[in-house]
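Chemist: Sharing a structure with you now.
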């Protein structure tokens, strides 16, 4: 399996985990698509997992189509999102936010 796809999958899992941490702290999801999925499923976590499964499917599709440049850019974007989420969680835990 290509390293880009492995990195993409790992970043999706990290994004899922940081989103769950936000939800546990009472912070609403910022992505309107994810918020919609969470609202219209039987369980908000199921909606979040559904979106992440769809995202993984899109990553596999990009990988199979040879869209390495696109996967690289998406990986950079999600690395920034995860870093931002972690910084916000840490700052919130210290009473900064």
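Chemist: Could you please give the count of residues in segment 59-77 that are surrounded by fewer than 14 Cβ atoms within 10 Å (Cβ to Cβ), within 13 Å of the chain's Cα centre (by Cα) and under 23 Å from residue 37 (Cβ atoms)?
Modeler: The number of residues fulfilling the criteria is 1.
Chemist: With respect to residue 81, is the statement that it is within 15 Å of the chain's Cα centre (by Cα) and closer than 21 Å to residue 4 by Cβ true? Working first, answer last.
Modeler: On the way: within 15 Å of the chain's Cα centre (by Cα): yes; closer than 21 Å to residue 4 by Cβ: yes.
It is true that residue 81 is within 15 Å of the chain's Cα centre (by Cα) and closer than 21 Å to residue 4 by Cβ.
Chemist: Still on this structure, I have one more. Any chance segment 9-22 includes a residue that's at pLDDT below 90, closer than 19 Å to residue 86 by Cα and exposed (fewer than 14 other Cβ atoms within 10 Å of the Cβ)?
Modeler: Within segment 9-22, not a single residue is at pLDDT below 90, closer than 19 Å to residue 86 by Cα and exposed (fewer than 14 other Cβ atoms within 10 Å of the Cβ).
Chemist: Testing residue 80 on (1) buried (at least 16 other Cβ atoms within 10 Å of the Cβ); (2) at pLDDT 95 or above, one condition comes back false. Which one is that?
Modeler: Residue 80 satisfies all of (1) buried (at least 16 other Cβ atoms within 10 Å of the Cβ); (2) at pLDDT 95 or above except (1).
The values are calculated or read from the model by the stated rules, or taken from the named source; none is laboratory data. Since this is a predicted model, take the numbers as computed values, not measurements. Neighbour counts are summed over all protein chains in view; Cβ atoms, including those assigned to glycine, are modelled from backbone coordinates with ideal geometry.
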